[in-house]
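The structure appears right after this line, and notes come after that.
What follows is calculated from the coordinates using simple rules that are stated; it is not laboratory data. Quick caveat: nothing in here was measured; it's all calculated off a predicted structure. All Cβ positions, glycine included, derive from the backbone under ideal geometry; neighbour counts span all protein chains shown.
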C-alpha cells in the first residue's frame, strides 16, 4: 500500500464548473433520454399495433352484425307449397317456396315483363334463405296457406352490401333547375334549366382523366418490371403497356374535349336520375341534356321543379361490381317505398356454415369448439394435475423424473403443427379414430396444453408451504392423504388459473386441427364428439380465404366472438387469482 | 358404443365402490377393528374393476376398426375386390354409409354385401368389447373381494394404485414425445426410401405436385426443400428484426424504468397481445397488412407480391414481441440488484448501467430468449399459411412471395390425400426437420438459461 | 462514567484537534419515508472532512438509510421520499438542478456485499472513468486503473491477471476491488455500507487498514455493526436508534463517556 500521496494523474478534477464536463454530462443525459425513448417507443409500438389490429377487426366486422330484409307479403297456395296437395309436414317440407316468392316479387314490380329481367329479379334480389324463412313460417302454421303472409325476406349478399354502402360509393346531388322529361322511343331525354348536366358531364370528364392517370401509372410500373424479364413474357408485357398507353391517350383526348357529349359506358361511374317516382339510368350525357333508359317506370312525364329530382352517382363503375344498375334501381325503389330495412343479424349466432355468405353463421363452429374443449378439459385436467402432483410431491429425484421434467419443458415449445402430425399419424391412421371429429381435436389439444397445465399446477403446489404438509403428517395422515386432503385443495385456485389459461390457448389453436381434418365444410351443427365438426378458429381460417366481401365481414365478426371468449376466460383467470391469491 | 362403454365403466365403478364400502362397514358392525376406513375398501374394489375395463378399451380401439374393415372387404365377391387404395376406401365408405342408413341413392350389389358384412362385424366387435370389459371387471371384482378383510390394508393398496396412476399421468409427457418421434420418424424413413435424403435436404427445387395418371410428365415431383428452408429463414429473420429490438426494449423499459402506473397499462397490453390467437394475426396479415404494403410499395414504384414475405414476417414479429419481452424481463430481473447499486453508486446513469452492467450480465439469458423466439417463429403456422405464398421461390427479397416449411406441411396434408404417396410422406419429412430443429434450439436455450440461473442463485 | 462534566467544552476541543479542515457534509432535519413508513426522523449531523465517521446502531435503526441519502441512492427506490437538507461543501444535494449522476461521482459508495461486475478486474475499475469520461487515452486509463488498484492495496495480488473476471477473486479481494472501483473516479466522499460484514477477520483487518490510509485523502462515512470496528477506524461516531440520531461525537467520547442512556446501553451490550 504505497503511492497514496496524490490522486491519480490521469484523472482530471471535474465539477459543475468545467465546460467540458458540462458538455459531456449533457451528452450522457441525452443518451439516457434517447434510451428511455426507445423503451417507451417499443411499448407504444406494441400498443398501437394492438389498437390497430382490434380496431381493424371491429370495423371489418360491423357489416356482419346487421342484415337487410325485404318486408313482403306473399300468398302461398297449396299447389305451390305442397308436393302432393296435402298439408302433411313431409309434403310441405319439399314444396316450391321459391315460386311463392317469385310471384311476390312480380307483384312488387309488375312492369318487369321480359324474361331476362324477370330472371334477374328472381335471382339477384333475394337470398335463397328467404324461401327457408317462408317454409318455416308455413310449417309452423299450415293454416296460413292461401292467406296473405307477411315475411321478412333476407336479401342476397350483394344487395345487402349495396345497401350497407360497401358495394360502391354513392353521391347524391339535388337537381338545381327545372327538369323537362321527353320520351324518345325506349329512351328518355332530360333537360334542366340549370347547368346540372354540364356539371355531371364535367364529373365524367374528371373520371376519364383519373382513369388515364391510373393507366399511365400502371404502364410506368410495368415498364420498370419489363426491364427484368426477357422473351415471351417481355413481349406480352410490352403489348400490355402499349394497350394501356393507348387507352390512356384515348381517355385523355375525350377528357380534353370539354363540351363533347359522353357515352356512359359500364367502365365509367353510373348516374341514375330519380324523377317523377321513377329511375332513369343515363346512357349519354351532354352539356345541356342527358339521354337515358328507364329502370323503374316514371309515373308521368311532367316537368319537375328545382329540388324535386336527384342525380345519384355510383362511383364504382358497373363493370367492376357484382350488382348491376338495374338491381340497384330496384333496391333504391324498394328503399323509397320503405320496404327494406336493416335488422340485427341474429342468424349469425344461430345457424351453421353456408356457401351463401348472407346465411352463414358460427353456431356449428361454436358447438364444435365447445365439444373439442370439453374433451380437452376432461383429459388434460386430471392427467395434468396427476402428473404435477406426482412430480412435485412423490417423485424421487432420479434420472427418470429428470427426463420427464426436461420432456415437459421441451413439449411446451414444440410447434403446434407437429402435434397435428402426431394426431394424424397416431389417432387417425393408427387408432382409426374418426376424421374431423371433436374427439380427436380434443385429444390433440389436450396433449398440446398438458405441459402448460403441469407447469402451472406444479407452481401452485410448490407455493403451498411445507408446514401444511407437516401438520397433516404430524397427526398421522398418510402422505397421500396429506396431499389430497390439504395441499391439493389449497393449490386448486392456482391450478384452475393455469388450466383456464391453457384452455384459452387451446381455444385459439388452429394448425393441429387443420391436419386432423377439422377443416371440412360442414353445414350441420355437430351433436356429439364423434360427428364431423369444425372449430371457431378453423372457421375463421376457412372464411378468410373466401372472396365474397360479406364473408370477410363474417370472418372479422367470428374473430370478435373468439376474442370475446378469450377475454372472458382470461378475465376469469385474473379474477380467480385476485380472489384466492394467498400470501403465506 | 364407446360412450355406452364409458357409462358402463361409471356404473361398475359405483357398484363396486358401494359394495366394498358396505363390506367395510359390515366389518365394523361385526365388532372388528378395521385397518382402513370403509371408504378405502370401496375405492380399492372400484379401482380393481375399472382398470381392466380401461385396458380392454385401450386395446380394442385400434384393433376393432381394422377387424371390421378386413371383414367388410373379405365379404366382397372376388370379381368386385378393390384393386386400388382409392377404390378400397370408396367401397368402405359406401358400406359404412349404407349400414348406417345414410347412403343417398341405391348402392350396387357389392356394396350391399359389404354393408351387411360391415354391420355384422361391427356388432361382433361391439359385443366383444362389452364381454371382455365385463369379464375384466368381474375378474377384478372377484380378486379384490377375496382380499377384503378387517385387517386388510385397503388404504395402502389403494394408495399404491393411485401412485401408479399418477406415475402414468407423468408418463403421458414421455409418451407424447415418443409418439411424435415415431409418427414423424416412420413416415420420414418411408419417404427417404423413395426419395434420396440428400436431394431432399439440399435440392433447390420444390414442386410436390404428383400427377394423377402415371403417364403424365413430372409425375414423381421434386422435393428439394432448400427453398422452403430459405423462405422460413427469411420470414423468421424479418420477424426477429421486429420482435428482437422491440421486445428487448419493452422488457428493459418494463423492468428498469416503468413506474407502477405505466406498468399497470403496459403489462396488460403485452399480455393481450400474447393471448391473441395466431389465426387472428394471420387474418390481419393477409387482409390488412399485405394489401397495405403492396399499395405503399407500388406507389413507390416497387413491384410487391400480394403475399409478400414482408407482411407475414412483420406480423409474426409483432406476435413474438410479448414472448421475447416476457422472457427477457425474467432474465433482466434475475440480475442482482447489487450490481445495479454498484453502478449507480459510481454515478452511472440508468442507461449506462443497463448497457454496460445489466445487459452484459443478462446476455446468456437474452440469447436463449431469442433462440426460443426463433424456434417459435420457425414453427408458427397460421400467419404464414394465411399470408405467405405457396410457390417455393428461392429468394431473399422480402417483397416477393416465399413459402415455408409449415405452410407446405399444411398444404400437403389438408384435403384429399393418398396416404402412401411421396407427396404426403414428404410432409412428414418436413415435420421431422421442423421438430428436431426446434427441439435442438429449445434444449440449447433451456440449458443456457439453467446455467445462467445457477450463476446468480 | 455516568456523569460527564463540561461536555460542551470537551466536544469542541476534540473537534478542533481532529480536523483543522472544515465540515464536509452537513445534514439538517432529514426525514425519510418508505411509502407510509417513517424510517428516519429529523437527523441533523455534521461530517468532517478527511476523517472517518462511523454510524452505529442496532439493525433497522436507519443508519444505512441515512448513508444512502448522502449520495441519493435512495432515488433508485421509487417508494422512497426524502425531506430536509443535506449539503456537501455548502451546496444542497437535493437541489432540483443538481444531477445525482454527478453527485455520485463525487460521493462514491462501497456496499455490504462485494458486488464486482461480471467483467474483468481491469474493466471493473475502468468502468467509472469510462462512463464519466475522465481519461482521454488508453495509457491514461491504464494509469488510473493501476493507481486505484494500488491505493486499494490490491495491485500486487492481481497485477498478473487483470483480464480475469472480478467475480473470481476472494471475498476480501472483491471488496477491495469495489473500493478500487469507487476511488477510480476520484471521489471526495466514500460511503461504506457495512463493508466487512461479509468478510472473514483477516480480510476485515486488511480493509480496516485500508480505510485508515484512505482517510488522508477522502472523507469516509462507514456504517458498521461492529462497535470494535467503529472504535478502531473512526474518529467520530454517530449512534442511531429507531430512526433517530441519538448521539454523535468523537469516537473515544462515545465509547468512554456516552451522554445518552440508550447509547450507553448499546455500547455496553444491553441491547443490539
At 0.36 nm per residue, minus the direct Cα-Cα distance, what do residue A:217 and residue A:263 gain on full extension? Give it in nm, one decimal, please.
-> 14.1 nm
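Please tell me the relative contact order of segment B:222-456 in percent, rounded to the nearest whole number, where contacts are Cα pairs under 8 Å and at least six residues apart. Mind dumping the intermediate values first?
Numbers: 315 pairs, mean separation 69.6, N = 235.
Dividing the mean separation by the residue count of segment B:222-456 yields 30 percent.
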In degrees rounded to 10, the 0-90 angle between helix C:7-18 Cα long axis and the longest Cα principal axis of chain C is 20 degrees
At residue B:298 and residue B:443, where each label point lies 7 Å from the Cα along Cα→Cβ, what is the point-to-point distance in nanometres?
-> 4.9 nm
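Suppose R0 equals 25 Å; then what is the FRET efficiency for residue B:15 and residue A:350 from their Cβ-Cβ distance, rounded to the nearest 0.05? Show your work: numbers first, answer last.
Details: r = 42 Å, r/R0 = 1.69.
Efficiency at R0 = 25 Å is approximately 0.05.
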Zone reached by a paramagnetic label modelled 7 Å from residue A:303 Cα along Cα→Cβ, restricted to segment A:192-208 with backbone N below 19 Å, covers A:192-198
How compact and how long is segment A:357-580, expressed as Rg and Dmax of its alpha-carbon atoms in Å?
-> 19.9, 70
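What value, in deg cm²/dmol to 500, does the helix sum -39500 (n - 2.57) over DSSP H runs of n ≥ 4 give at 222 nm once divided by the residues of the protein assembly as shown?
Details: 48 runs with 756 residues, N = 1313.
The helix-only estimate for the protein assembly as shown comes to -19000 deg cm²/dmol at 222 nm.
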Prolate/oblate/rounded label for chain B (Cα gyration tensor, a/c 1.5) = oblate
Helix A:549-580: angle to the longest alpha-carbon principal axis of chain A, degrees 0 to 90, nearest 10?
-> 30 degrees
With no solvent and one point per C-alpha, what does the Debye sum give as log10 I(q)/I(0) for segment A:19-59 at q = 0.18, 0.20, 0.27 Å⁻¹?
-> -0.60, -0.65, -0.82
List A:108, C:177, B:372 from most exposed to least, where exposure is judged by having the fewest other Cβ atoms within 10 Å.
-> A:108, B:372, C:177
In percent, what relative contact order does chain A have, based on Cα pairs under 8 Å that are 6 or more apart in sequence?
-> 14 percent
Starting with the fewest neighbours, write out B:435, A:484 ranked by other beta-carbon atoms found within 10 Å of each beta-carbon.
-> A:484, B:435
Answer check: the protein assembly as shown, Cα atoms, Kirkwood Rh, Rg/Rh ratio of 1.07
Under 1.5 on a/c is rounded, so check that first for chain C, then, if it is not, pick prolate when a/b is larger than b/c and oblate when it is not; a ≥ b ≥ c are the square roots of the alpha carbon gyration tensor eigenvalues.
-> prolate
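For chain A, rounded, prolate or oblate, judged on the Cα gyration tensor with a ≥ b ≥ c (square roots of eigenvalues), a/c < 1.5 rounded, else prolate if a/b > b/c?
Numbers: a/c = 2.76, a/b = 1.48, b/c = 1.86.
Here chain A falls in the oblate category.
I'd like the FRET efficiency for residue B:261 and residue A:577, computed as 1/(1 + (r/R0)^6) with the beta carbon distance as r and R0 of 25 Å, rounded to 0.05.
Values: r = 21 Å, r/R0 = 0.82.
Calculated transfer efficiency: 0.75.
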Could you check the simple spin-label distance between residue A:140 and residue C:91, using points 7 Å along Cα→Cβ, in nm with one decimal?
-> 8.5 nm
Work out how much length residue A:66 to residue A:289 would gain on full extension: take 0.36 nm times their residue separation and subtract the Cα-Cα distance, in nm to one decimal.
-> 76.2 nm
Rg over Rh, two decimals, segment B:222-456 (C-alpha only, Kirkwood Rh) | 1.05
Counting only C-alpha contacts under 8 Å and six or more residues apart, can you give the relative contact order of segment B:2-182 as a whole percent?
-> 32 percent
Helix C:138-151 versus the longest principal axis of chain C: what is the Cα-based angle in degrees, 0 to 90, to the nearest 10?
-> 40 degrees
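Most exposed first by the Cβ proxy, i.e. fewest other Cβ within 10 Å, how do B:14, B:300 rank? Intermediate results must be reported in sequence, preceding the final value.
Details: B:14 12, B:300 8.
Fewest to most other Cβ atoms nearby, the residues stand as B:300, B:14.
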